1. Which residue is least open to solvent (accessible area, probe 1.4 Å), if the candidates are limited to segment 63-85 and must be away from the ligand (no atom under 14 Å from the Cβ) and of a type in the set (S, T, N, Q)?
2. In the set 27, 32, 23, 3, which member is closer than 18 Å to residue 116 by Cα and within 16 Å of the ligand (Cβ to nearest atom)?
3. Look at residue 230 and say whether it is within 16 Å of the ligand (Cβ to nearest atom) and assigned to a helix (DSSP H, G or I).
4. Considering segment 1-50 alone, what residues qualify as being among the polar types (S, T, N, Q), more than 25 Å from the chain's Cα centre (by Cα) and open to solvent by less than 40 Å² (accessible area, probe 1.4 Å)?
5. Exactly one condition in (1) open to solvent by less than 50 Å² (accessible area, probe 1.4 Å); (2) away from the ligand (no atom under 16 Å from the Cβ) is not met by residue 97; state its number.
6. Identify the single condition in (1) closer than 12 Å to residue 233 by Cβ; (2) more than 16 Å from the ligand (Cβ to nearest atom); (3) polar (S, T, N, Q) that residue 173 does not satisfy, given that it satisfies every other one.
7. Restricting attention to segment 212-221, and to residues there that are open to solvent by 20 Å² or more (accessible area, probe 1.4 Å) and either charged (D, E, K, R) or within 15 Å of the ligand (Cβ to nearest atom) (or both), which single residue is nearest to the chain's Cα centre (by Cα)?
8. For residue 105, work out the one condition from (1) under 21 Å from residue 3 (Cα atoms); (2) open to solvent by less than 40 Å² (accessible area, probe 1.4 Å) it doesn't fulfil.
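The values are calculated or read from the model by the stated rules, or taken from the named source; none is laboratory data. As the structure is a prediction and not an experimental result, all values here were calculated from the model. Using ideal geometry, Cβ is built from the backbone for each residue, glycine included, and neighbour counts are taken over all protein chains shown. Surface accessibility is based on the protein's heavy atoms, side chains included, excluding ligands, DNA and RNA. Shrake-Rupley method; radii C 1.70, N 1.55, O 1.52, S 1.80 Å.
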Amino acid sequence: MGFKITKNTKTRFNDVDWNNLRFGVYFSDHIFISKYKDGKWDDGELVPYGGMTMEPGLCTLHYGQTIFEGLKAFRRTDGNGANLFRPDMNAKRLNRSASLVCIPNYDLPRLIDGMKELVKLDNKFIPKHKGQSLYLRPVVYGSGNFLGVTASAEYTLIVMTSPVASYYAAGLNPVKIMVSDDHVRAVKGGLGAAKTAANYAASLYAGMEAHRKGFSQVLWLDGVNRKDIDEVGAMNMMFVIDGELITPSLEKGTVLAGVTRDTVLTLAHEWGMKVSERDISIDEVVDAHANGKLSEAFGTGTAAVISPVGQLTYKGKDMIINDMKIGPISQKFYDTITGIQYGEAEDKHHWNQHITF
Ligand code: COI
């Protein structure tokens, strides 16, 4: 698919502090943009990254009709271009999120082609170091201007990119997580399975409280009984109990269907591990910890990749997991997934889409 390209006249490359990238602080030169009007999406084009005008009546500012995605392009270690990791999964999830908040679906091949073209155009922004990548952030929002509570008739899809390092300042070091039993992120019948702004707004209050107390993130429990584990806002959760890999199932619709979650589950099955996608309560985790059966816990996410959890705190009681060290299973998932992403290990499942430049 060919796209109209309007190039930036001045690059943003030199504004980037390449020695201190962090996460989502810098943006590259161009975006992919497409608009929906009169019942259809236009073809999309690549234009310079920059300020956008909006009216005070922009419906998304008022009612949050917006969804987003996150995926990464990795500079291959062998110097042969870049790998975009599982963009088909993110594109499908974008449309699932869209349906949940009444946004019209986007043509998946067109979105994937637009993203690849964008990575190709801004390839100099793909960081050179392992552990770093070019993060792609597709976002779709209602772009109509009105105050009635109703779905917009007009939408804008944008894909921006950002050279990034680890999501957590701690990198691959185990993080401390606070289990919240007073705030909730999502409830059955709600928007928990959608990557939509409301879920992230709902996480801010407890997240601030957790940060103040020295935790990296909040672990959310189910919104009704506050017992079953849902997820950590930026990651799905995995527990290794008695050698079994356990993660909350997606059935209730309160958990995001993570791409890294799916990658880990696929590898775990392939390695012959005992794997369960099922309800797991915080009480089960507390008991397993008390009985010495909880050997590892880790989060999975595109931004976080694999993030070992070294401490879980529930009702003021600290559970230290694997002596606050990364465990062998978490390490194996991290090494295998990043090996595939940087083109160092065999990509049996054809998860990478290769981009040459
Ligand atoms: C991701 O892993 O891509 C996320 O969206 C998590 C967070 C940065 C919102």
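1. 83
2. Numbers: 32 fails: within 16 Å of the ligand (Cβ to nearest atom); 23 fails: closer than 18 Å to residue 116 by Cα; 3 fails: within 16 Å of the ligand (Cβ to nearest atom).
That would be 27, the only listed residue that is closer than 18 Å to residue 116 by Cα and within 16 Å of the ligand (Cβ to nearest atom).
3. Values: within 16 Å of the ligand (Cβ to nearest atom): yes; assigned to a helix (DSSP H, G or I): no.
Taking the combined requirement at face value, the residue does not satisfy it.
4. Residues of segment 1-50 among the polar types (S, T, N, Q): 6, 8-9, 11, 14, 19-20, 28, 34.
Narrowing the set further to residues that are more than 25 Å from the chain's Cα centre (by Cα) leaves 6, 8-9, 11, 14.
The answer is none; no residue qualifies.
5. Single failed check for residue 97: (2).
6. (1)
7. Filtering segment 212-221 down to residues open to solvent by 20 Å² or more (accessible area, probe 1.4 Å) leaves 212-217.
Filter once more, so that each one left must be either charged (D, E, K, R) or within 15 Å of the ligand (Cβ to nearest atom) (or both): 212-213, 216-217.
Details: 212: 24, 213: 24, 216: 16, 217: 14 Å.
Across segment 212-221, the extreme among qualifying residues is 217.
8. (2)
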